[in-house]
Structure formats: C-alpha cells, structure tokens
Amino acid sequence: MAMAGTARLGILISGRGSNMKAIVAACRDGRVPAEVAVVVSNRPGAPGLAWARDHGIPIAVLPHRDYPVREDHDRAVIRVLREHGVEWVCLAGYMRLLSPVFVGAFRERILNIHPSLLPAFPGLDAQRQAWEHGVRISGCTVHLVDEELDHGPIVVQRAVPVLDDDTPDSLAARILEQEHIAYPDALMRLLTVPWSVDGRRAIFRKGS
Ligand code: GRF
C-alpha cells in the first residue's frame, strides 16, 4: 500500500553511511516524499553518524555491547525509533542481524540494501563472493526485510557488469554507485505507488 504525505524514516548504520547520504539527499531534494527523523548506530565511531549530526539530523548511539541479549538491544532501538515517530526503517550498512522482535515491530516497513543480485551471494562480503565466483553480471538489491538474512521481497535491483580486470574493490565501487540510485528509487516506489506482497513477490500496481 502506498502512504500519503511525508513518511518519517529511521536509518540504521554501522559505518561510513554513503547510502544514508543518498537517502537524505533524495528526501531533501524532493525525489522521495519522506524525511529522515533519526539516524541510529550501534557503533559510536561510525563516520556516518558525525555526518548526520553535522547535517542537522537527530542521531542516537546504542552500542550493542551494552545489551548482552540481542532482543534487548533491538527493543532499545525500537524505542528510539518510536520516540522519533519513525514509520519506515532503512538499514544502510547496519551490521547487525535483526531479531524477530524487530521485524515484527515494523512488519513490511523495513528495507535493506545488499551489494549483490539476490538470491545470489547473501551474507558478508558479497562483492568478493561474486568476483570469486566469476559471474559476469552483479549488482545490488533493495528488499523488504523478513526474519531471514538478505531474504525478503525484492523491491529494486540494479545490475552492473563484472569486468575482466576488476578487483573486489573496483567491483564494489561500481555496485555502490548503483546502490545510491537504487535505495532512493525503492523508497520512492514504496511511498508513492500502491503495492502489496504476494508470497515472496512485491507487486506494484500496473501502470504506476
Ligand atoms: C553497502 O555496500 C551496502 O550494500 C551494504 O553495506 C554497505 C554500506 O555502505 N549493506 P555505506 O555505509 O552505505 O556506505
């Protein structure tokens, strides 16, 4: 279902936050009808946090080491998101598995970006996995999050070639450029086009 008005996003990061920056830019220039209500990190030193703060976005730091039980950490993050009126959660390089508690709290309202064409190469170091496998095409996937890792219904995918002289790093850089297009595009679609989920498939209304 598409939502009217301006959606409130919470972005979860653990690191540099380039996808976060792409989402913030798309919200601020009107490509995505949303505003970033808060950026949350499990790592106090995440470079993306300082950037968000410097750009006037509320931030919260919840180190996972402070919560020996995963669900307790997730509940603390959920509380912060609720305090900021968050409706949609964007995982953007958030290096934590979400417990069912989290997934259930924002059912079909959590997005993730993964640097491969899922279902190929889920998990860590996807670009290196693709490079080592010798695929000729790779890319990125934005998907709704369910209880399984890198698994929920796919919203947007963008492909790139894998070149003979690529390294895992050069391939990752080519994919990252497409990630910065794919994430805002997925948000724009989900927030402006009527959609539903049928099994594994996200269905967008025809003609829209
Ligand atoms: C991206 O490659 C994303 O696909 C993966 O983690 C990386 C995060 O990069 N989930 P950044 O922090 O958004 O720059």
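The values are calculated or read from the model by the stated rules, or taken from the named source; none is laboratory data. In this text the structure is predicted, and so the values were computed from the model without any measurement. Virtual Cβ from ideal backbone geometry, glycine too; neighbours counted across all protein chains shown. Only protein heavy atoms, including side chains, enter the accessible area calculation; ligands, DNA and RNA are left aside. Shrake-Rupley method; radii C 1.70, N 1.55, O 1.52, S 1.80 Å.
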TODO: Name the residue farthest towards the positive end of the dipole of the range 7-146 from the options Leu118, Ile11, His64, assuming +1 on Cβ of Lys and Arg, -1 on Cβ of Asp and Glu, about the Cα centre.
DONE: Ile11
Open item on the list: Please compute the contact order of the chain in relative form: average sequence separation of alpha-carbon pairs under 8 Å and at least six residues apart, divided by the residue count, as a percent.
Closed with: 22 percent
TODO: Taking all protein chains together and a probe of 1.4 Å, list Thr192, Thr141 from the most accessible to the least accessible.
DONE: Thr192, Thr141
Task: Size of charge dipole - the range 7-201 - debye, nearest 20, with Cβ of Lys, Arg +1 and Asp, Glu -1, no other charges - done: 480 debye
Open item on the list: I'd like the antiparallel share, as a percent to the nearest 5, of DSSP beta bridges with both residues in the chain.
Closed with: 45 percent
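Under a point-charge model restricted to the Cβ atoms of Lys and Arg (+1) and Asp and Glu (-1), what is the dipole moment magnitude of the range 137-208 relative to its Cα centre, in debye to the nearest 20?
For the range 137-208, the charge dipole is close to 620 debye.
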Open item on the list: For Glu147, Glu177, give me the order by solvent-accessible area with a 1.4 Å probe, most accessible first, ignoring ligands, DNA and RNA.
Closed with: Glu177, Glu147
- [ ] Tally the DSSP beta bridges in the range 88-208 and give the antiparallel ones as a percent, rounded to 5.
- [x] 80 percent
Task: Per-selection metrics, the range 7-201 (Cα): Rg and Dmax in Å - done: 16.1, 49
Task: Low-density loop cleavage sites - trypsin sites (Lys or Arg not before Pro) in the range 1-87, where at most 16 other Cβ are within 10 Å (DSSP) - done: Arg16, Arg31
- [ ] Please calculate how many Å² of accessible area the range 63-117 carries per residue, with a 1.4 Å probe and no DNA, RNA or ligand atoms counted.
- [x] 46 Å²
